[in-house]
Structure formats: structure tokens, C-alpha cells
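Structure first, then comments.
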Amino acid sequence: MTVVEYNTCVDKYSDGVFRFILKNIRDEEMAKDIVQDSFFKMWEKVRQINFEKARSYLFTTAYHNMIDMIRREKRINEFNNTNCNELVVEHSYSDLKEILDEAVCKLPDIQRSVLLLRDYEGYSYDEIGDITGLNESQVKVYIYRARIFMKEYIGSLDRVV
């Protein structure tokens, strides 16, 4: 990959990678760090990466960086529990987006990741498997379980609206 192609990757993919990481960890500063680290790792291997596979490389690297950071933070404190609880406000919701965000926050890490990659970022099952290290059937199962949880959590749209 050339320097021009690398800069093109930064322009095209940085927002998408940031959104994906932010939806997973709900910490803007940490998401920025993960995205920056992912692009740094890509820069270190710029000569070895094919431009056509740059998007997949970035999302895979960002995903693994995110998992590493979550594990690191879990050892220090209960990152997932405190992070979700700080963002949830207990009152009646009339906004579907807030309800969806709350439901996504309550999903287990792997289900949240595959659901966001599929439904928010538009990746295929194969691509999600490559990014997460799962096989296609595992990806489908996790997505199915996440959607069932979301459906049960949200309930009827009549009750939401």
C-alpha cells in the first residue's frame, strides 16, 4: 500500500471504525485511542497490507485492540458494569434510539460486537467471522441470540411509542 492509499483509508474508514468501537465500549476517549492505535499498527505494516483488504484489516485490528483494552480495564475495575450503569437513566423512554442503545449495552460483549458489525456496519457473516475469529455458524448463532434478546427487551413497539 502506498502513502496515498493509506491516507485514503484514513479518510474513508476512520469514522466507521470509530462508530463501531464507540457503540461497543461507550467511552469516546478510549474509542479515539483504539482507532488511533489501529491506524498506527496499519502504518507499521503499510508495505505488507493490500489496499483492497485495508478496511477489513482496520476493523479486525480495532476489534482486537478493543478486546485487549476491555480485558485490561476489567482487571483494574469492573469496566463493563460501571460503564453501562453510568449511561442508563431510569425513567420512561419515548425515544426508540435510546431504548435500542440501552438494549445493545446490556448484550454480552461478543453478541454486541457481531450485531453491530452486521446491522450497523453491514458486514457479511464471513467478514464478521474473519474480524472476530469465529466461524460463520457461530456468528449466525450470536446474531440470532442478540436479536432475540433485543426483541424481548424492547417488547411491542406499541408499548415503546
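The values are calculated or read from the model by the stated rules, or taken from the named source; none is laboratory data. Predicted model only: the values in this text are computed from it and were never measured. Positions of Cβ are backbone-derived with ideal geometry, glycine not excepted, and every protein chain shown enters the neighbour counts.
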* **Search result, residues across the range 106-120 that are assigned to a helix (DSSP H, G or I) and either under 11 Å from the mean Cα position of the chain (by Cα) or aliphatic (A, V, I, L, M) (or both)** => Asp109, Ile110, Gln111, Arg112, Ser113, Val114, Leu115, Leu116, Leu117, Arg118, Asp119, Tyr120
* Whichever residue in the range 134-158 is of a type in the set (A, V, I, L, M) and loosely packed, with under 12 Cβ neighbours inside 10 Å and, among such residues, is modelled with the lowest pLDDT -> Leu157
* Asked: Which one of these is over 18 Å from the mean Cα position of the chain (by Cα) and either under 19 Å from Asp119 (Cβ atoms) or in contact (Cβ under 8 Å) with a residue 40 or more places away in the chain (or both): Asn50, Asn7?
  -> Asn50
* Asked: Got a sec? Which of Met1, Met69 is modelled with pLDDT under 90, farther than 21 Å from Leu116 by Cα and either among the hydroxyl-bearing types (Ser, Thr, Tyr) or not assigned by TED's automatic domain parsing to the domain that holds Glu127 (or both)?
  -> Met1
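Against the definition (modelled with pLDDT under 90, in contact with a helix residue (DSSP H, G or I) (Cβ under 9 Å, 6 or more places away or on another chain) and of a type in the set (Lys, Arg)), how does Lys23 come out, yes or no?
Yes; evaluated as a whole, the condition is true for this residue.
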* Asked: Before we move on, is Ile131 surrounded by fewer than 19 Cβ atoms within 10 Å (Cβ to Cβ), among the β-branched types (Val, Ile, Thr) and assigned to a helix (DSSP H, G or I)?
  -> no
